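Below: the structure, in structure tokens.
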Amino acid sequence: MSADQQRILARAAREVIPGQIVNLGIGLPTKLFHYLPEDMEVLVHSENGVLGCRPRTEGEEPDWDMIDSGGAYIATRPGASVFDSAMSFAMIRRSRVDLTFMGAFEVDALGNLANWKIPGKFSPGIGGAMELAQKVKRLVILCSHNDKHGNSKILHRCRLPLTAERCVSRIITDKAVMDVTPQGLVVVDIAEGLSVAELREATEAELIVDEARLGRF
């Protein structure tokens with residue numbers, strides 16, 4: 001992983017509270033496993049029907065029937081439960097999942113999320129993101145601040161097809177941590193070595209910054 005991705009994951013791990021049920025979305029969020037303390041009591045939920053996931057240790061033989069929602073082989077911790085997708089989505093729809101981390105193509109100042117389809121490009125399907133985004137108690141987005149062309153992914157309004165409206169609580173990128181509030185995007189933390197002016201230059205959305213209370217990560 002790149003240094004920017006490691007920075008995002010290290011900061012994201014601070015969002016998890018012991019005792020929570022946490023869902024890790026496809027892509028970068030699945031790597032968060034490796035940034036949580038080994039002794040932290042947290043249950044990781046996979047929408048294809050597992051509660052109590054853990055990453056496989058080095059050299060551990062995979063269980064060919066045990067995969068996460070992204071198709072990666074996983075293992076289970078003591079006390080884990082395995083059930084069908086109907087039960088798994090019932091947990092989501094009843095808001096039994098405390099926290100989910102997802103990636104994003106775009107996210108905007110209203111907390112709208114676009115992460116499932118780019119028009120004209122292949123998409124395997126909607127997946128569980130639409131359910132999770134609407135029903136989980138807290139949604140944290142993990143993504144690069146800018147795309148490969150340098151364009152901001154933190155927008156005034158999303159332009160791609162939406163996954164869900166007004167669903168995002170917090171955004172963590174390689175450049176900043178931002179909360180979605182009724183007033184707009186409030187910058188909580190900024191990356192070490194980055195100035196507020198540079199952050200604004202890299203961001204399409206308007207940012208609310210109180211430099212006296214700004215943290216670094």
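The values are calculated or read from the model by the stated rules, or taken from the named source; none is laboratory data. All figures in this text were calculated on a predicted structure; none of them were measured in a lab. Note that we place each Cβ from the backbone using ideal geometry, even for glycine, and neighbour counts take in every protein chain shown. Heads up: the accessible areas ignore ligands, DNA and RNA and are worked out on the full protein's heavy atoms, side chains in. Shrake-Rupley method; radii C 1.70, N 1.55, O 1.52, S 1.80 Å.
Do you know which residues across segment 11-38 are on the phi < 0 side of the Ramachandran plot and open to solvent by 50 Å² or more (accessible area, probe 1.4 Å)? Explain how you work it out, then say what you get.
Here is the first cut: in segment 11-38, the ones on the phi < 0 side of the Ramachandran plot are 11-18, 20-26, 28-38.
Hits for segment 11-38 are 14, 17, 18, 26, 31, 34, 35, 37, 38.
Applying the selection to segment 38-76, what residues are among the charged types (D, E, K, R) and free of Cβ contacts under 8 Å to residues at least 40 places away in the same chain?
Keep residues of segment 38-76 that are among the charged types (D, E, K, R), which gives 38-39, 41, 47, 54, 56, 58, 60-61, 63, 65, 68.
38, 39, 41, 54, 56, 58, 60, 61, 63, 65 - these are the residues of segment 38-76 that are among the charged types (D, E, K, R) and free of Cβ contacts under 8 Å to residues at least 40 places away in the same chain.
State which residue is least open to solvent (accessible area, probe 1.4 Å) when the search covers only segment 72-86 and only residues that are assigned to a loop (DSSP other than H, G, I, E, B) and farther than 27 Å from residue 14 by Cβ. Reasoning before the result, please.
To start, the set of residues in segment 72-86 that are assigned to a loop (DSSP other than H, G, I, E, B) comprises 72, 74, 83-84.
Checking the rest, the ones that are also farther than 27 Å from residue 14 by Cβ come to 83-84.
On the way: 83: 47, 84: 95 Å².
Out of the qualifying residues, it is 83.
Residue-by-condition table, conditions (1) open to solvent by less than 50 Å² (accessible area, probe 1.4 Å); (2) over 17 Å from residue 110 (Cβ atoms); (3) touching an Asp or Glu at 6+ places or on another chain (Cβ under 8 Å):
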residue	(1), (2), (3)
123	yes, yes, no
132	yes, yes, yes
140	yes, no, yes
163	yes, no, no
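Please identify the pairs in which a residue from segment 77-89 that is β-branched (Val, Ile, Thr) has its Cβ atom under 9 Å from the Cβ atom of a residue that is surrounded by 13 or more Cβ atoms within 10 Å (Cβ to Cβ), counting only partners at least 6 apart or on another chain.
82/49; 82/50; 82/51; 82/52; 82/66; 82/76
Read through the list (1) open to solvent by less than 30 Å² (accessible area, probe 1.4 Å); (2) in a loop (DSSP other than H, G, I, E, B); (3) under 30 Å from residue 154 (Cβ atoms), then give the number of the only condition that residue 62 fails.
The failed condition is (3).
With the requirement that a residue be farther than 17 Å from residue 140 by Cβ, open to solvent by less than 70 Å² (accessible area, probe 1.4 Å) and assigned to a loop (DSSP other than H, G, I, E, B), what does segment 39-50 give you?
Matches in segment 39-50: 48, 49.
Which of (1) over 25 Å from residue 5 (Cα atoms); (2) buried (at least 18 other Cβ atoms within 10 Å of the Cβ) is the odd one out, the single condition residue 89 does not satisfy?
(2)
Among the residues of segment 5-12, is there at least one that is free of Cβ contacts under 8 Å to residues at least 60 places away in the same chain and either out of contact with any Asp or Glu (no Cβ under 6 Å at 6 or more places or on another chain) or among the hydroxyl-bearing types (Ser, Thr, Tyr) (or both)? Please lay out each step first, then the result.
Of segment 5-12, the ones free of Cβ contacts under 8 Å to residues at least 60 places away in the same chain are 6.
If we keep only those that are either out of contact with any Asp or Glu (no Cβ under 6 Å at 6 or more places or on another chain) or among the hydroxyl-bearing types (Ser, Thr, Tyr) (or both) too, we end up with 6.
There is at least one residue in segment 5-12 that is free of Cβ contacts under 8 Å to residues at least 60 places away in the same chain and either out of contact with any Asp or Glu (no Cβ under 6 Å at 6 or more places or on another chain) or among the hydroxyl-bearing types (Ser, Thr, Tyr) (or both).
Residues that are farther than 21 Å from residue 135 by Cβ and within 21 Å of the chain's Cα centre (by Cα), at least 2 per element: which strands (runs of 3 or more DSSP E) completely within segment 160-203 meet that?
Qualifying strands (runs of 3 or more DSSP E): 176-181, 184-190.
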